[in-house]
1. Would you please put 336-342, 267-273, 396-402, 355-361 in order of how densely packed they are, using the mean number of other Cβ atoms within 10 angstrom per residue and starting with the highest?
2. Taking the Cα atoms of region 4-229, report the difference between the largest and smallest coordinate on each principal axis, in whole Å and largest first.
3. By per-residue mean of other Cβ atoms within 10 Å, what is the highest-first order of 90-99, 467-476, 344-353?
4. Give me the number: length gained by fully extending residue 246 to residue 374, i.e. 0.36 nm times residue separation minus the C-alpha to C-alpha distance, one decimal in nm.
5. Compute the distance in nm between two label points, each set 7 Å from the Cα along the Cα-to-Cβ direction, one at residue 9 and one at residue 259.
6. Please work out how much length the chain gains when fully extended from residue 489 to residue 292, using 0.36 nm per residue of separation minus the C-alpha to C-alpha distance, in nm with one decimal.
7. Could you sort the peptides 116-125, 240-249, 202-211, 38-47 by per-residue average Cβ neighbour count (10 Å cutoff), highest mean leading?
8. Ignoring everything except DSSP H segments at least 4 long, calculate the 222 nm mean residue ellipticity for the chain; use -39,500 (n - 2.57) per segment, divide by total residues, nearest 500.
Ligand code: GLN
């Protein structure tokens, strides 16, 4: 599998056909899927199969049409994005058979640019999780070591890109769900500024935090995807009316007098030693390129998890209220004498898995009268301060540099019994969603192989000021060129 940029160039110039690319993609997918379990549905046959979509692209090219910058590029979608064919399950029994009547704007934009949708990827139920183990369809696995998780919640998307099945997959990031799996799988993952990409047709988890973004093998492909994804959508009132900059134009031009800030809170003793080492190596790499790297203080990183696990469940409890077995979702069978209330309770108890139920209970609790001020309002104040802290850093620095996650990929089952340990995976990512900022994970190094354990990829995170993705991508590109860590592939 090559990059999206080169596939599109080859298809557009007829060096290859979209159909040939689609057939090769489905073959690779079939060969690795038994061990990775990245997909919930694959469009292998039928009228909307990847092959049929590709043939339609080829037919348009044959007629001399310009099919767009993603001509014939195979793409996978996290299964919380609506598509007007197949199912949109969110990895939940609640929506196991849900067929969306419409397509998400972000997805439509990719298709309008010539992309071929190959399938829908596995995720933690409703995107709640950090390991892709909480799906009603079972867990997904990491291509670098199938005994380990791919991260989450966009784990299926990250794993299939890392395994070089598709060059691009879409993920969604509410508290780290693009960046942490990108780090665990050794690929690039971008969470755009809140409002950059339309959320229309993304099944809502926490609406003020959710954002769709690309998972790719190169920074260039991430820029290429963002170019298509971004832009105002009248169907999402939070989508920005700002002009989308040209992310590709100056991608290869390094930033002069680059100034990066590393929060001292990113030096937590809880970091895995290899993560701490790769952070130091990354700082050294930037310094070698002439950058100035300074320490900054973002004290609220230490409170990010607490604030996030109030705000996100609060919004989730409200968003998921519509899944009552009547308007939406799984409907339980009633016994004689049971009433409407029983129907709600049974449907939701059967439809939602334990992690989602935990979040709904947490969310309704922090919003309930008497606790609203103590919890929810306090979390909102912390959220405001987090944004202010970041803005202060961006007044003098181009970007913040820190790990994407405190450890490399952990073992399957290692954290499922301990929700708090799982939540702590998000320590470096959640504050960015609370602040609405753009951030990305870039492959930066590897853990040391030991006692038969393979070396695992480690990503570093770049965070920039709101709507400054173009510069963030250039800073990432500098690191990508310097380390080459992203070009290593799983065995
Ligand atoms: N792991 C975080 C959570 O469980 C983030 C999930 C996400 O970004 N969708 O909430």
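Derivation of every value follows stated rules applied to the coordinates shown; laboratory data play no part. In this text the structure is predicted, and so the values were computed from the model without any measurement. Glycine gets a Cβ as well: all are built from the backbone with ideal geometry, and neighbour counts include every protein chain shown.
1. Values: 336-342: 9.0, 267-273: 13.3, 396-402: 22.6, 355-361: 19.4.
Ranking the peptides 336-342, 267-273, 396-402, 355-361 by packing returns 396-402, 355-361, 267-273, 336-342.
2. If we take the Cα atoms of region 4-229, the spans are 46, 36, 34 Å.
3. On the way: 90-99: 21.3, 467-476: 23.3, 344-353: 18.4.
In descending order of packing, they fall as 467-476, 90-99, 344-353.
4. Details: separation 128, 0.36 × 128 = 46.08 nm, distance 4.42 nm.
Difference between extended and current length: 41.7 nm.
5. Spacing of the two 7 Å Cα→Cβ label points: 3.7 nm.
6. On the way: separation 197, 0.36 × 197 = 70.92 nm, distance 3.08 nm.
Difference between extended and current length: 67.8 nm.
7. On the way: 116-125: 29.4, 240-249: 14.8, 202-211: 22.8, 38-47: 18.4.
Going by the mean number of other Cβ atoms within 10 Å, highest first, we get 116-125, 202-211, 38-47, 240-249.
8. Working: 15 runs with 179 residues, N = 491.
Helix-only estimate at 222 nm: -11500 deg cm²/dmol.
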